[in-house]
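Asker: This structure is in structure tokens; I'll ask about it shortly.
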Amino acid sequence: MSETRESIPMPSPDRSLFVENITKSYGGGPLVLKDLTLEVSPGELLGVIGPNGSGKTTLFGVIAGQLSPSSGKVCVNGRDITRLPASERARNGIGRTFQVPQCFFNMSVFENLLVGARYAGDLSHDAATHSVHDILERTGFRGRGHLRAGDLPLLDRKRLELARALATGPSILLLDEIAGGLTDNEAAEIATLVKEVNSQGVTVIWIEHLVHILTSAVSRIVVLGEGRIIADGEPHETMATPAVRQIYLGMEPDPDA
Ligand SMILES: Nc1ncnc2c1ncn2[C@@H]1O[C@H](COP(=O)(O)OP(=O)(O)OP(=O)(O)O)[C@@H](O)[C@H]1O
Ligand SMILES: [Mg+2]
């Protein structure tokens, strides 16, 4: 058992992520990630989009360590972490949310965050409690930490999923459809929160189907199609490329483009 820490880990704004030549198949089936290489700079807020089944969540699993790639490497600051278990990667600053929320429904909001802070954040009880109070404030749960997670409306459940990931003290945060199912106004609130987190030094990679929310929040978008990166760049330019219009949006390329 490793020693607990007495202070809240600050995000390390110098963490770069390099995903190199990753392939992945499930149980010997077809490749769902095909020689995928992606570099994310320290402090970036990167959006990821792509059709259903294009491999977005699988990529997160490979980065966060829930899944082993069939080949390829995942490096943080040049250190190869491909063989580290997910728990170890969480302790080393990789946090994630899940497409299907993973919170403990019968526990309070506060307790949910405490679990994350003590486990992945590796904090003593006092430091974890302090950290959790800080995150409750930042994520809109001031005075509401006692609420049962299972009773929260959808927007708060999404906030909780984000707060749980923050409780682990991430330097690199992976968000998997954190705004899925929300109204435009609610999704915009989540986008504001994500931008705040990013401005505090956390590198963010954000998968979302709500393209207009994503394009207004991020500085770069990567588009996945059938396990490959089919476009990568400034959001509006990227969305306008014929490959994206044709493959992702199912639109015919504009003959005048
Ligand atoms: N546990 C699994 N076992 C077998 N195949 C899987 C598993 N998880 C995902 N797949 C398959 O891998 C491919 C990529 O799935 P993935 O969930 O990564 O896509 P996605 O881009 O996140 O899709 P969505 O937008 O629907 O969330 C799909 O064909 C999917 O059916
Ligand atoms: Mg997915």
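Asker: Return yes or no: is GLY116 away from ligand 2 (no atom under 16 Å from the Cβ) and not assigned by TED's automatic domain parsing to the domain that holds LEU162?
Answerer: no
Asker: Additional query: Report those strands (runs of 3 or more DSSP E) wholly inside region 32-106 carrying at least 1 residues which are more than 12 Å from ILE207 (Cα to Cα) and not assigned by TED's automatic domain parsing to the domain that holds LYS158.
Answerer: 71-76, 94-96
Asker: Something else now. Go through region 107-141 and give me each residue that's closer than 17 Å to LYS158 by Cβ and part of a helix (DSSP H, G or I).
Answerer: VAL109, ASN112, LEU113, GLY116, ILE135, LEU136, ARG138 - these are the residues of region 107-141 that are closer than 17 Å to LYS158 by Cβ and part of a helix (DSSP H, G or I).
Asker: Quick check on my filter: what residues within region 168-184 are away from ligand 2 (no atom under 16 Å from the Cβ) and either closer than 13 Å to GLY95 by Cα or assigned by TED's automatic domain parsing to the domain that holds PHE110 (or both)?
Answerer: THR168, GLY169, PRO170, SER171, ILE172, LEU173, listed by residue number.
Asker: So, one more: Scanning region 33-49 for residues that are crowded, with 21+ Cβ neighbours inside 10 Å and more than 15 Å from the chain's Cα centre (by Cα), which turns out nearest to ligand 2 (Cβ to nearest atom)?
Answerer: So the residue we want is LEU33.
Asker: I would also like to ask the following. Restricting the search to region 34-57, which residues are among the basic types (Lys, Arg) and either away from ligand 1 (no atom under 15 Å from the Cβ) or under 15 Å from GLY180 (Cβ atoms) (or both)? Break it down stepwise before answering.
Answerer: Taking region 34-57 and keeping what is among the basic types (Lys, Arg), we get 34, 56.
Residue satisfying the conditions is LYS56 alone.
Asker: Among ARG144, ARG159, which is the only one that is part of a helix (DSSP H, G or I) and at pLDDT 95 or above?
Answerer: Matching residue, one of ARG144, ARG159: ARG159.
Asker: May I pose another question? Is it fair to say ALA187 is more than 16 Å from ligand 2 (Cβ to nearest atom), more than 15 Å from the chain's Cα centre (by Cα) and modelled with pLDDT of 95 or more?
Answerer: So ALA187 passes the test.
Asker: Identify, from the list THR57, THR23, THR82, THR97, the residue that is in contact with a Lys or Arg (Cβ under 8 Å, 6 or more places away or on another chain) and either within 16 Å of ligand 2 (Cβ to nearest atom) or of a type in the set (Phe, Trp, Tyr) (or both). Lay out the reasoning, then the answer.
Answerer: Values: THR57 fails: in contact with a Lys or Arg (Cβ under 8 Å, 6 or more places away or on another chain); THR23 fails: either within 16 Å of ligand 2 (Cβ to nearest atom) or of a type in the set (Phe, Trp, Tyr) (or both); THR82 fails: either within 16 Å of ligand 2 (Cβ to nearest atom) or of a type in the set (Phe, Trp, Tyr) (or both).
Within the list THR57, THR23, THR82, THR97, the selection yields THR97.
The values are calculated or read from the model by the stated rules, or taken from the named source; none is laboratory data. All of these numbers come straight from a predicted model, not from anything done at the bench. Cβ: placed from backbone, ideal geometry, glycine included. Neighbour counts: every protein chain shown.
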